[in-house]
Amino acid sequence: MGLAISVGSLAGAMTLRGVLLGWPEAIGLSATTLPALIVATLYAGSRWGWAALVVSLLLSRLTPLSTNLNEFAVLAMFMVSGAVTVLVSSSLRSALLRLDEANAAQATVQKSLEVTEARFRTLADSAPVLMWVTRTDGLREFANRAYVDFLGEPYDSAIKFDWRKVLHPDDVVRILEEQVAGEASRQLFVLEARYRRHDGEYRWVRSISQPRQGPDGGFAGFIGVGYDTTDAKRAEEDLKRINDLLSERVEAALAERDVAAAALQRAQKLEAVGQLTGGVAHDFNNLLTVIIGALDLMQRHPKDEARRERMIEAALGAARRGERLTQQLLAFARRQALKPEPVHVDALLKDTEALLGRAVGEAVSLIIAPAAPAAVVSIDPGQFESAILNLAVNARDATPPGGLIRIETAPVTVAAGEVAELEAGDYLRVSVHDTGAGMDEATIGRAFEPFFTTKPPGRGTGLGLSQVYGFARQSGGMATVDSAPGKGSSVCLYLPRVAGDASAAAPEALPVAIAERGPALRVLVAEDDAQVAELVEAMLRDLGHDVRLAEDADAALAVLNTGEPFDLLLTDLVMPGDKSGVDLAKAAVALRPALPVILSSGYTGDVLGPAESAPWPLLRKPYGPEALARVIAEVTTPS
């Protein structure tokens, strides 16, 4: 191709020269050759331009110059002109080629952009979410098909649409504040609100706007996507309603369980008390037999002084044994006002031996083996008796007929870490051993758990050992279980020993001589039980006092309001009407600030709460003349 262009351009230049100057001059040097060089260089390349120049020089040598000019000078001038022409044409060709390449590249880029844009638009229009692109001024320059379809507007109108027109009225203020803050931050921000779709239905839309960068790396606006969360919102609300309903049902079920558990505890407690009923009834019948028989004999033989004295002593002894038995039962029922005090456990066990024997029954043997007579611990005696009774009953249930239950005490010194959760120190160990079936490791691990029991349904609440454990821990000690299947069980209570001696039991009251009973007093007695009031009046008169009776608090206050002088008020704690003995005492002291008061009651437990916090002594029923005389002396003797 280059050769043909070069030959053609030279042939054209020679033909033109031959036509103008004659054919003999056709191949000579001439300016007409320069256009040929330009054509050859531009269309064939610089090497063909140089080749055409060389060929024209060689051909010119075949025809001498027809002028008088210096042939060498003309040849040199032609060579320079031709060379310049080729060089300029070559540069022009390079520029033209680069321009063509640039145009071709631009066309390629343009086509690629068109393909990319078409692909992006297809992708965006296929996405099931709303998509848009905004400029720095906040105006949108692109939106996808889902965006347009949501609004139900033409494309040109959709990208200029003001979304505030379709915002739910309740969301307008919040969304505008959040949008302004998000756009000002030029950071990713999220909006969620209700927008009215083209069909008039409000839909929850959650939008995420991400800042985008321009070619120079600067902020160029936001790219945003929005997706419909209405179904998720509804599902969330449904789940919340379900959770609320489930919570209500769980609370109701728990309430039912608590009611059932409370009923079960009451039933099992009644069952536990019922296990003692036979033996206790037997003992009370024996005591009543002694009292009734003694009184009957005194009535039949009023003049037999010796017999009367023996019968009186027998009746008093039986009554005191009944009082003691009642106190033990109340301690077991946890209705006594319980307070820790220094006690000799060995003596306490001896006192409760009869009650424990009745609880265990005759099917198994019971041995009480105290071995720490000098050990003193600070415990609540009632709680201790209840704990030991629970352990004895548990041991009885686990022991087959003919078995053995042994309760023993021993002073021990525990080293650090010897007994889990127990500090080093001096303790009294109270152990309850049985020859029953024993327990495996899993059962031992749960033995002290509340409501855990290995007994058949209806035979136990699972609260006995947990009460024992709680008593030991509250007393500063520990409870442990040592057992193995087929080898029986041993439950040990570790109770901290204290210095000093236990409070000595009150000695048997001896008759108080009239001379030692103090001066005669004017006593106002408020007692609603007529028989008790008659007995108290008799005891007071026997002690040398003058007595005025009132059947309730209002009657007593009416007497006090008359101005009649009194040296002492003795009032029952619980009386009919809206005033208790404490209320009466407060009103009486308000009327007569110096009036001594004695409270009296046969009730126990919570009923005694106000009395125990009152500043007056409490005389517990039953009581005799000696106890009455002592408490009167305490409250009337100047301090």
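Key figures for this structure:
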item: For Gly293, net neighbour charge (Lys/Arg +1, Asp/Glu -1) across residues whose Cβ lies under 14 Å away; result: +2
item: Potential extension, Ala76-Ala102 segment - 0.36 nm per residue separation minus Cα distance; result: 5.5 nm
item: Normalised alpha carbon radius of gyration of segment 127-228 [divisor 2.2 N^0.38 Å]; result: 1.04
item: Förster radius 30 Å - calculated FRET efficiency between Ala184 and Tyr155 (Cβ-Cβ, nearest 0.05); result: 0.55
item: Local electrostatic count, Ala369, Cβ distance below 12 Å [Lys/Arg +1, Asp/Glu -1]; result: -1
item: Check: segment 514-636 dipole with +1 on Lys, Arg Cβ and -1 on Asp, Glu Cβ, in debye; result: 380 debye
item: Length gained when the stretch Ala220-Arg592 is fully extended (0.36 nm per residue, less Cα-Cα span); result: 124.4 nm
item: For Met478, Met575, order by how many other beta-carbon atoms lie within 10 Å, fewest first; result: Met478, Met575
item: Compactness of segment 514-636, expressed as Rg and Dmax over alpha-carbon positions, Å; result: 13.2, 40
item: Label-point separation in nm, Ala261 to Lys240, each point 7 Å along Cα→Cβ; result: 3.2 nm
item: 5 angstrom amide H check on Leu568, placed H, neighbours 5+ away; result: Arg522, Leu524
item: Protection proxy ranking of 102-114, 484-496 - average other beta-carbon atoms within 10 Å, highest first; result: 484-496, 102-114
item: Cut-off 12 Å between beta-carbons: net charge of the residues surrounding Val414, Lys and Arg +1, Asp and Glu -1; result: -2
item: Sorted by Cβ density within 10 Å, fewest first, the residues Lys350, Lys165; result: Lys165, Lys350
item: Rough spin-label spacing in nm, given labels placed 7 Å along Cα→Cβ, for Glu192 and Arg548; result: 8.1 nm
item: Rough spin-label spacing in nm, given labels placed 7 Å along Cα→Cβ, for Ala442 and Glu313; result: 6.3 nm
item: Order by protection proxy (mean Cβ within 10 Å, highest first), peptides 234-243, 544-553; result: 544-553, 234-243
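Only the coordinates and a few stated rules stand behind these numbers; no lab work does. Source: prediction; values computed, not measured. Because the Cβ atoms are built from the backbone with ideal geometry, glycine has one as well, and the counts that use them run over all protein chains shown.
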